[in-house]
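For reference, the structure discussed in these notes is given below.
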Amino acid sequence: MIKLSALLLFSLAYTIDAIGNDSSGVPLRPIRSSYITTDGVPVETGELEGFIHDANGEPAGGLVVRLKGTVRAITTDDKGHFTFKGLPTGSYVVVASGLGVEMQEQAVKVERSTTTSINLIVRESVLALEEVRIRAAKGLRERETLPEIGAMAIYAGKKSEVINLSALDANLVTNNTRQVFSKTPGVMVWENDGSGVQVGISVRGLSPNRSWEFNVRQNGVDISSDPFGYPEAYYNPPMEAVERIELVRGGASLQYGPQFGGLLNYVLKGPTQNKPFSLETQQSVGSYGLFSTYNRISGTVGRLQYNAYAHYRRADGWRENSQYGIFNGYASISYAVTNKFRLGLEVSRMNNESQQPGGLTDAQFARNARQSSRARNWFSTPWTVPTLKAEYAFNDNTRLTANVHGLIGERNSIGFTQAITTLDVPNAAGQFAARQIDRDIYRNWGSEIRLLTRYRFLGQQHALATGVKYFNGHTHRIQQGRGDTGSDYNLNLQTDLFPRDLSLGVTNVAAFAENMFRLSSRWTVTPGLRLESLANDIGGRLSFAANGTENRVSQQSTRRFVLAGIGTEFKLSPDISLYANASQAYRPVLFSDLTPAALTDFVVDPNLRDARGYSVDGGVRGKVKNYLNFDVSYFLVNYNDRIGTLTLLNEANRPYQFRTNIGRSVSRGVEAYVEFDPIVALAGKSRVGYLSLFSSLGFTDARYQNLRVATVTNGQASETNLRDKKVENAPAFIGRFGLNYTLNGFTFTALMNRVGMAYSDANNTETPSANAQNGPIPAYQVFDLSASLNLKKRYTIRAGVNNLTDERYFTRRAGGYPGPGILPADGRTAYLSVGLTL
């Protein structure tokens, strides 16, 4: 099926190319002055080169030069030079753009066997531009918003953030998430994984569990286990390989997926476009045996672009029994088959093994947060994501993209999984208890086709984004297996079969359309619809009965529905906008919701519904010249039909567990980001450096409006309601305050991260339970320092201290693996990196 889809995509693109007034066809053999199409007709070619300067004659490096209405684009080198090779003869429009310059266009004609040369002059002074780049690269350019119309999506009216990691002073070596999202207001971070292998974040009172309330993507492709049945993101790319992170809150539910949290997209560094070969290497060491090596090669040779990196990191970990090793690899290649059609292939691969130190009781945490009573627990998530991509440009206003992507992954754990109050010690004979093995094996594939077109109507330019997505996921879940009594990582089953052996399938087909109507030069309105069809199929063995027979389970469900949304944006000035958005969302019934914890005395409601609701936000964002950036907004998230378990009495007066929809929660609050550069505001230019001060604030009131709780005590059933209780893992305040100082190639960042108190359970338990699973999560405050030095645009030195005051705190009380119990965050650590770019 995958091969057929890939063939269809290629055939579609070739057919479109034939009707798109591009006579070049598909080149099979490039030659000096022509190439041969599939029908045997030679196509004459030439070259186009040029130089871009400012009004003072200084070369403009780092600008993007593209051929209008094609897929061909390149970046100028330090001399302002660019070259396009293998261009079919004819007329073109060259477009040059970049930071701090106005877009420039020039018409040219390419002739056979001839190198056509042009010169462009940009309006801004490159000397002044370079100063803007230096100042902005480490200060006010770390955080941006997405444009109202992106490459293949519409963002007008939506709350969006872009985090430019290349301009960020942060510990990218270990994926320090609180630093990465330091200027993104309201982001809650689970800091229980010092290895940085898994990123757990949330917004607006949602759960941070492995970012599962987001639609998590890499280069626009799903990377979570199963976005509908088991949406945990066990894989995240190394931050050293990421160019930027795109975050679109609730309004992303129509174009990308129905999740309440919105879109979280990691965009990897692309291939170098101005030379055939480049090398980037970063070598790092740090506390507790940290060693990391990141190495990337990339380049552009004519129509061909390539990009690949290898990354390895290991450490002993801040806590006892928390050593880890991780390898990440990535390779991509793309080829401009014609000026209008590009094909690409990319593959991501991760292998890792990490020791899990387990949770702590409150008393253990108070005595020594670094201790561990679990020395035999291990975790591994090998992950492979292959993607075939195609891009076709009808013209400069209309573009089509398509991809076929897959996931070959696993979630493997082996360990002693009893409550933390049960010690993992040998018996009188000196033997340890057998460990438990749990495994998920993921085999997913999907395809997505997107079309974006700009068109004019009634004197204004509008835009339409539409697409179709297909997803087929299969999870083979085998659990409760009897492992060995050893202490190393292995998956050696000691019996013939796993007691639990389930086949979990999901099929999803979705179509969406959003249209940005420009009512005036200042005002846009963007309505949209998303049609969803979703089917779950669960079957297999739940457990073995006492007599050896199988307890089996079989459940299927299918549903179809429509989501709607609308956004609007009004420009008060060219740099300041009012925006608002309202979008429906849903959270599908997960595999765990449909799978009973035990076959007897457990019933799943046959009318169990997906959680449904909507997100609303509105605010003002923009900048004042080059010294003030801001984005302040109000939000509301209505989360209906939350799923939970009630304890009821059956007709025989026996208690049983009933899984059903039990309630509704509402989150409301304010998200605010402000950054100010006093030196630029007062002096404009400075010989002693630039200073930006920033604050990122999130105020959230997340409460249950209705949450049924039913229990049975001494044979008597009772029911209460947790109305007005706070939603778990939702602190009322998240504040990050900092400063960036920049002088030539040197930067320094100081960050304070303060998070308010939260609860780990819906009962808002004040006195922690003996197993440490329920209770408050105290407020905490953490300081980080980071610095970097760039020499001659080639050498880089980075260093930092995380948790400067060695604060003892935790962000999570786990009810199960990798706990249970309190999972402490890391204490004070430090790192040092040296890098080279060629």
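The values are calculated or read from the model by the stated rules, or taken from the named source; none is laboratory data. Values in this document were obtained by computation on a predicted structure and should not be read as measured data. Note: ideal-geometry Cβ built from the backbone for every residue, glycine included; neighbour counts use all protein chains shown. SASA here: full protein model, heavy atoms, side chains in, ligands and nucleic acids out. Shrake-Rupley method; radii C 1.70, N 1.55, O 1.52, S 1.80 Å.
Taking every DSSP beta bridge that has both ends in the chain, the antiparallel portion is near 95%. The residues of the chain expose on average 40 square angstrom of accessible surface per residue, using a 1.4 Å probe on protein heavy atoms. State log₁₀ I(q)/I(0) for the chain at q = 0.05, 0.10, 0.11 Å⁻¹ as given by the Debye formula over alpha-carbon point scatterers of equal weight, solvent excluded. Taken in order of the listed q values, log10 I(q)/I(0) reads -0.28, -1.17, -1.43. May I ask which residue of 652, 781, 581 lies farthest towards the positive end of the charge dipole of the chain, with charges of +1 (Lys, Arg) and -1 (Asp, Glu) on Cβ and the Cα centre as origin? Projecting each Cα onto the dipole axis, the largest value belongs to 581.
Using the Karplus relation 6.51 cos²θ - 1.76 cosθ + 1.60 with θ = phi - 60°, the per-residue 3J(HN,Hα) values for region 620-628 come to 10, 8, x, 8, 10, 6, 10, 10, 9 Hz, with x marking Gly and Pro. When only the Cβ of Lys, Arg, Asp and Glu is charged (+1, +1, -1, -1), the dipole of region 612-684 relative to its Cα centre reaches about 260 debye. Helix 126-138 and the longest principal axis of the C-alpha atoms of the chain enclose an angle of approximately 0°. Once R0 is set to 56 Å, what does the formula 1/(1 + (r/R0)^6) return for the Cβ-Cβ distance between residue 720 and residue 454, expressed as a FRET efficiency to the nearest 0.05? Efficiency at R0 = 56 Å is approximately 0.50. Note on region 611-662 and region 290-315: Cα centroid distance 39 Å, given to the nearest whole angstrom. Shape annotation for region 612-745: C-alpha extents along the principal axes are 84, 25, 22 Å, from largest to smallest. Packing, taken as the mean count of other beta carbons within 10 Å per residue, orders the peptides 150-160, 740-750 from highest to lowest as 150-160, 740-750. If only the Cβ of Lys and Arg carry +1 and only the Cβ of Asp and Glu carry -1, the dipole of the chain around its Cα centre is close to 720 debye. For region 686-838, the normalised intensity computed at q = 0.20 Å⁻¹ comes to -1.25 (log10 of I(q)/I(0), Debye sum over alpha carbons, equal scatterers, no solvent). Calculate the tail of P(r) for region 783-827: the fraction of all Cα-Cα distances greater than 11 Å, expressed in %. Cα-Cα pairs in region 783-827 separated by more than 11 Å: 73 percent. For region 770-837 and region 502-555, compute the distance between their C-alpha centroids and round to whole Å. So the separation of the two Cα centres works out to 35 Å. Between the residues 401, 202, 289, the greatest Cα displacement towards the positive end of the dipole of the chain, with unit charges on the Cβ of Lys, Arg, Asp and Glu, is found for 401.
Calculated from the alpha-carbon coordinates, region 559-662 shows an Rg and a Dmax of 22.1, 74 Å respectively. Site pair residue 118 and residue 670 shows an inter-label distance of 5.0 nm when each label is modelled 7 Å from Cα along Cα→Cβ. For residue 792, the lysines whose Cα comes closer than 25 Å to its Cα, not counting residues fewer than 8 places off in the same chain, are 79, 138, 269, 275, 685. Only helices enter the 222 nm calculation for the chain: every DSSP H run of n ≥ 4 contributes -39,500 (n - 2.57), and dividing by all residues gives -1500 deg cm²/dmol, rounded to 500. As I understand it, the dipole of the chain uses +1 on the Cβ of Lys and Arg and -1 on the Cβ of Asp and Glu, about the Cα centre. Which of 669, 63, 234 lies farthest toward its positive end? The one lying farthest along the dipole's positive direction is 63.
Quick one: angle between helix 2-19 and the longest Cα principal axis of the chain, in degrees between 0 and 90, rounded to 10, please. Helix 2-19 sits roughly 20 degrees off the main axis of the chain. If only the Cβ of Lys and Arg carry +1 and only the Cβ of Asp and Glu carry -1, the dipole of region 571-717 around its Cα centre is close to 340 debye.
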